[in-house]
1. Could you say whether any residue in the range 145-160 is under 19 Å from residue 234 (Cα atoms), of a type outside the set (Gly, Ala, Ser) and surrounded by 22 or more Cβ atoms within 10 Å (Cβ to Cβ)?
2. Return a yes/no flag: does the range 103-114 have any residue that is closer than 30 Å to residue 324 by Cα, touching a Phe, Trp or Tyr at 6+ places or on another chain (Cβ under 7 Å) and buried (at least 24 other Cβ atoms within 10 Å of the Cβ).
3. Which numbered condition in (1) at pLDDT 95 or above; (2) touching a helix residue (DSSP H, G or I) at 6+ places or on another chain (Cβ under 7 Å) is the only one that residue 238 fails?
4. Can you tell me which residue within the range 127-147, out of those that are hydroxyl-bearing (Ser, Thr, Tyr) and not in a helix (DSSP H, G or I), is nearest to residue 289 (Cα to Cα)?
5. Can you name the residue in the range 13-68 that is more than 19 Å from the chain's Cα centre (by Cα), free of Cβ contacts under 8 Å to residues at least 40 places away in the same chain and in a helix (DSSP H, G or I) and is also farthest from residue 3 (Cα to Cα) among such residues?
6. Could you check, for the range 284-295, whether at least one of its residues is in a helix (DSSP H, G or I) and over 22 Å from the mean Cα position of the chain (by Cα)?
7. If residue 46 satisfies every condition in (1) modelled with pLDDT of 95 or more; (2) of a type outside the set (Ser, Thr, Tyr); (3) touching an Asp or Glu at 6+ places or on another chain (Cβ under 9 Å) but one, which is the exception?
8. For the range 299-341, which fully contained helices (runs of 4 or more DSSP H) count at least 2 residues that are over 21 Å from residue 238 (Cβ atoms) and touching a residue at least 60 places away in the same chain (Cβ under 8 Å)?
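The values are calculated or read from the model by the stated rules, or taken from the named source; none is laboratory data. Note that the structure is predicted; figures quoted are calculated from it, not measured. All Cβ positions, even for glycine, are placed from backbone atoms using ideal geometry, and neighbour counts span all protein chains on display.
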Amino acid sequence: MKVLVTGGAGFIGSAVCRHLVSDLQWQVACVDRLTYAGNLSSLGAIANDPNFTFIKADIRDRAAMDKAFTEFQPDAVMHLAAESHVDRSITGAQEFVETNVIGTFVMLEAARSFWDGLPPERKERFRFLHISTDEVYGSLGAEGLFREDTPYDPRSPYSASKASSDHLEQAWGHTNGLPVLISNCSNNYGPYHLPEKLIPLTILNALEGIELPVYGDGGNIRDWLHVEDHVRALVLILTKGRVLETYNVGGRNEQTNLSVVHGICDVLDKHTPAKQSRRELIRFVKDRPGHDRRYAIDPTKLETELGWRAHFVFATGLEQTVRWFLDNRDWWQPLRDAGHGRKRLGL
């Protein structure tokens, strides 16, 4: 297959590109405008592969997107380009609306124009997969799980912008016939994760021996999904999923934020012992405004219809992630030096 991947230099996007090119030998055109979240070094393993093409472009630029479609002639689109950090959305919502909403609109229009001109057999085969988030569903209480039919109830500028883009996808599918699919995933973790997010931030702060900030009481719960499990799910949805359907992707690995931080401290203490346990570095800080208490996904539809299963349990996935950061300082040190994770955002 020939797949156009937007946001392909980001955390999940680069994992998608590496898997499609290295493991499946598909042809990939990666579109990314290389904001703070895009990192070409995450694509180093496939940068010189003849099946990989990088296009530096903004998804809001219709002419650039039309050119990418015309020149690459994709069989499918995996749309991951998005502003994705909740804290950043609190103080910089405009960028989230422009990228996540307007950018998705431009991508849909460019895809529709391209798709309309395809011969019947290619038109039938074409797919547009939009990768979204469980945060569009809002916050859960102590019980229950997000299902595909859970009503949307976004609580942050980030989740509101993603909910908007999900609705645009469905509208272009129902109104224009564009063969779209949507996936909503839980919190991802794994290698190449930007150092401002909870797990890599905690790993790097702990290595430096500086405080480990935990919002509120640390009791907020997330369902953690290893990025490699997520990528396998996305390929299944793209190739076997039903058009106009939504598929929730979750790892069945619920953890409180505090238990995640404790786990990281314990793994680091085992592999790189310090004078005192890294748990002593934990500091509880003022909570994030509008911080959703609990997310948890029911991936039954994905498991029963498409046969997907998460391979990673959280304990082993977390240890693998910590060891990756220990072994790949050359990847994260330049980001750390540039200030990623050095300052709290969203206050």
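1. Yes, the range 145-160 contains at least one residue that is under 19 Å from residue 234 (Cα atoms), of a type outside the set (Gly, Ala, Ser) and surrounded by 22 or more Cβ atoms within 10 Å (Cβ to Cβ).
2. Looking for residues that are closer than 30 Å to residue 324 by Cα, touching a Phe, Trp or Tyr at 6+ places or on another chain (Cβ under 7 Å) and buried (at least 24 other Cβ atoms within 10 Å of the Cβ), one finds none in the range 103-114, hence no.
3. (2)
4. 139
5. The selected residue is 63.
6. no
7. (3)
8. Output list reads 314-327, 329-337.
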